[in-house]
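The values are calculated or read from the model by the stated rules, or taken from the named source; none is laboratory data. Quick caveat, the model's predicted, so the values are computed rather than measured. Here the Cβ positions follow ideal geometry from the backbone for every residue, glycine too, while neighbour counts run over all protein chains shown.
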Amino acid sequence: MSCKINPHILRYIEMVESGELVACEDQKLLVSHVRRCFETEALRVDDEQIEHYLGMAKYFPFDRLFPWQEFVIALHDCVYRADGLPRWPDLFCMIGRGAGKDGTIALEAACLMGPYNNIPGYDVDICANNEDQAMRPVRDFIEALETPENTSLLKRFFRWTKEQVVSLKTHSVMKGRTNSPKGKDGLRSGIVIFNEIHQYENYANINVFTTGLGKKKHPRRSYYTTNGDVRDGPLDDLLEATDRILRQGEPDNGLLPFICRLDSKEEVHDPANWPKANPSLPYLPNLLEEIKKEYAEWARNPDQLPAFMTKRMNLPETNREVQVTDWENIKATNRPLPDLTGRTCSAGIDFAKTSDWAAVNLHFFDGETRHDINHAWLCLKSPDLPRIRAPWQEWARAGHLTPVDDVEIAPQLLVDYIARAALAYHIPVIALDNYRYALLARALREIGFDAKDFKNVRLVRPSDIARVVPVIDSAFLNQTFVWGDNPVLRWATNNTKLVRNGRNTGEDFGNFRYAKIEARSRKTDSFMALVASMVVEDEIAETKFQGVPDFGTYVY
């Protein structure tokens, strides 16, 4: 069953295996996976097609095609299963900035829409969050077509405007498309190429484009990107799928995961490791010099150049002034919650605007482990709702979020939630912002919580939050938070930044406060409810559930 590996594919495999190219662990695992597929599957390589495709590179302003480009294009576009379908129709290519991503997209488009693919109407749609990202590969192709030494020959095969390229033989069209999914249901793409998928917070645009696939023979998808700062979105899903394929032995289901990044942050200090993130670097001395300059600036002041690690080395680095903690620490909260029935907890409330978001957090503290049950409410009349790209509808279906189709979120909704929670858990104290208490005071009093008479409501001030910042930081660093699978809380935490109070520049956490990274599209309410509940953490002793509290005539 073993199939001969094409020399262009084999060359890259051997470069990685021999150490001729300094490659990351993901690349070593990938070439091993590809070898195994050729050894165990009935594959067919179209060698003639590969030569035609790679030969197209001479019309582009490349000094040469890099080995990784030959490897990716050959596997993605020219290797077929026994039934004639592409073996790897989906490509996920995460590679460092400057590697030649847009040029690779342009070349791949030229190959697939041209006569050597020979599939009528094999349209190439390039999707991105902004016009420049969507149109850059199109412009690269047009620039190649308009190069004087190429034009007379290529105009026999293609025609073009400033907006698109059309194949005269196959009538395939290459276009760049921006992030609004409206009006794209009629697409008949042969391949959809998503450029810079790290910016995507949800699947709205991806779903619209990919559901149009299958109308043409040999449908394909390509995801090209650097790493980014948006977490818990499509990029992280692809990275997790890559991990399952390369490290856990799951079937790849047609996905070719080409990941280039440093294996650890410490490797950045040796330039010899940089090709792990950018395999084009050994062939681009000018780019190497530029990255050396950026490294020197980053090393002097990492906070001023956080994109260096994220974009050049594909390892996101949390800026102490920007995010609460590393994403890995936030992701580590996704562990199953135990049965907490009868346990003692504090309740934290964040209720900044009645016409926006609100959240309640139930916080359980057991030794070093902190368990949190968090729920949020979203006002559907919120003026910020169109700005929010997070998949809140999906979160609502999963029960993590309650949409409120009204002009505001009624305070009674939060109080009802706490009253129901008090039937299962012992809640001796509630904490909320000092300035929001008036909105909830009457409803809370009806279920037995009052700041003045019952003294079981704590009004949280900025100094209280500053005091609990180091506790929260320690819990993240030691990964002792357990939240269950709560994407709303993870999202809100990732939207929050630490800001120093005053002019102190030391690492004294008593001088920090929490703030929103972006005021209108990145909400923090769920995390701030957790913060409020932790302000009173020392007041919740582990006691047995004492039965249902007496709420008098309160009805819910």
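Among the listed residues I259, I330, I349, which satisfies the condition of being of a type in the set (V, I, T) and in contact with an Asp or Glu (Cβ under 6 Å, 6 or more places away or on another chain)? Spell out the reasoning first.
Details: I330 fails: in contact with an Asp or Glu (Cβ under 6 Å, 6 or more places away or on another chain); I349 fails: in contact with an Asp or Glu (Cβ under 6 Å, 6 or more places away or on another chain).
None of the others qualify; the one that does is I259.
Go through the stretch 293-341 and report how many residues are under 20 Å from V499 (Cα atoms), at pLDDT 85 or above and not charged (D, E, K, R).
7
Take the residues in the stretch 395-411 that are in contact (Cβ under 8 Å) with a residue 24 or more places away in the chain and in a helix (DSSP H, G or I), then tell me which one is nearest to R520 (Cα to Cα).
Out of the qualifying residues, it is W395.
Residues of the stretch 369-394 being small (G, A, S), touching a strand residue (DSSP E or B) at 6+ places or on another chain (Cβ under 8 Å) and either surrounded by fewer than 18 Cβ atoms within 10 Å (Cβ to Cβ) or not in a strand (DSSP E or B) (or both), which ones? Walk me through how you get there before you give the answer.
So the first thing to find is which residues in the stretch 369-394 are small (G, A, S), and the list is 376, 382, 390.
Imposing the further condition that a residue be touching a strand residue (DSSP E or B) at 6+ places or on another chain (Cβ under 8 Å) reduces the set to 376, 382.
Within the stretch 369-394, just S382 meets the criteria.
Kindly indicate whether R261 is modelled with pLDDT of 90 or more, under 19 Å from the mean Cα position of the chain (by Cα) and assigned to a strand (DSSP E or B). Full working, then the answer.
Working: modelled with pLDDT of 90 or more: yes; under 19 Å from the mean Cα position of the chain (by Cα): yes; assigned to a strand (DSSP E or B): no.
It is false that R261 is modelled with pLDDT of 90 or more, under 19 Å from the mean Cα position of the chain (by Cα) and assigned to a strand (DSSP E or B).
Which residue pairs have Cβ atoms under 6 Å apart, sit 6 or more places apart or on different chains, and have a first residue in the stretch 50-67 that is small (G, A, S) and a second that is assigned to a loop (DSSP other than H, G, I, E, B)?
Within 6 Å, the pairs are A57/L65.
Go through the stretch 59-101 and report how many residues are hydrophobic (A, V, I, L, M, F, W, C), in a strand (DSSP E or B) and either over 30 Å from E290 (Cα atoms) or in contact with a Lys or Arg (Cβ under 8 Å, 6 or more places away or on another chain) (or both). Talk me through it step by step, then tell me what you get.
Here is the first cut: in the stretch 59-101, the ones hydrophobic (A, V, I, L, M, F, W, C) are 60, 62, 65-66, 68, 71-75, 78-79, 82, 85, 88, 91-95, 99.
If we keep only those that are in a strand (DSSP E or B) too, we end up with 79, 91-94.
Still in the running and either over 30 Å from E290 (Cα atoms) or in contact with a Lys or Arg (Cβ under 8 Å, 6 or more places away or on another chain) (or both): 79, 91, 93-94.
Number of matching residues: 4.
Within the set of pairs 6 or more residues apart or between chains, which connect a residue that is not assigned by TED's automatic domain parsing to the domain that holds M534 inside the stretch 426-448 to a residue that is buried (at least 16 other Cβ atoms within 10 Å of the Cβ) and in a helix (DSSP H, G or I) with Cβ atoms less than 8 Å apart?
From the stretch 426-448, no pairs qualify.
Here is a check on your reading of the model: is V460 farther than 19 Å from D525 by Cβ and either at pLDDT 90 or above or in the same structural domain as A532 (by TED's automatic domain parsing) (or both)?
no
Kindly evaluate A296 against the criterion of being under 19 Å from the mean Cα position of the chain (by Cα), of a type in the set (A, V, I, L, M, F, W, C) and over 30 Å from V429 (Cβ atoms). Working first, answer last.
Details: under 19 Å from the mean Cα position of the chain (by Cα): no; of a type in the set (A, V, I, L, M, F, W, C): yes; over 30 Å from V429 (Cβ atoms): yes.
Spelling it out, it is not the case that A296 is under 19 Å from the mean Cα position of the chain (by Cα), of a type in the set (A, V, I, L, M, F, W, C) and over 30 Å from V429 (Cβ atoms).
Count, please, the residues in the stretch 482-524 that happen to be modelled with pLDDT of 95 or more and more than 22 Å from Q199 (Cα to Cα).
The number of residues fulfilling the criteria is 4.
Residue by residue, here is whether (1) at pLDDT below 95; (2) among the aliphatic types (A, V, I, L, M) holds:
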{"residue": "K28", "(1), (2)": "no, no"}
{"residue": "V34", "(1), (2)": "no, yes"}
{"residue": "I50", "(1), (2)": "no, yes"}
{"residue": "Y53", "(1), (2)": "no, no"}
{"residue": "L65", "(1), (2)": "yes, yes"}
{"residue": "A74", "(1), (2)": "no, yes"}
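Tally the residues that are in contact with a strand residue (DSSP E or B) (Cβ under 9 Å, 6 or more places away or on another chain) and crowded, with 19+ Cβ neighbours inside 10 Å, restricting the search to the stretch 1-28.
The qualifying residues number 6.
Scan the stretch 412-464 for residues that are at negative phi and in a loop (DSSP other than H, G, I, E, B) and report the count.
Total meeting the criteria: 16.
Which of the residues belonging to the stretch 210-242 are out of contact with any strand residue (DSSP E or B) (no Cβ under 9 Å at 6 or more places or on another chain) and among the charged types (D, E, K, R)?
Filtering the stretch 210-242 down to residues out of contact with any strand residue (DSSP E or B) (no Cβ under 9 Å at 6 or more places or on another chain) leaves 211, 214, 228-233, 236-237, 240.
Selection gives D229, R231, D232, D236, D237, E240.
Scanning for something farther than 30 Å from L459 by Cβ and either within 26 Å of the chain's Cα centre (by Cα) or assigned by TED's automatic domain parsing to the domain that holds V471 (or both), does the stretch 400-415 turn up at least one residue? Reasoning before the result, please.
Narrowing the stretch 400-415 to residues farther than 30 Å from L459 by Cβ: 405.
From what's left, either within 26 Å of the chain's Cα centre (by Cα) or assigned by TED's automatic domain parsing to the domain that holds V471 (or both): 405.
Yes, because at least one residue in the stretch 400-415 is farther than 30 Å from L459 by Cβ and either within 26 Å of the chain's Cα centre (by Cα) or assigned by TED's automatic domain parsing to the domain that holds V471 (or both).
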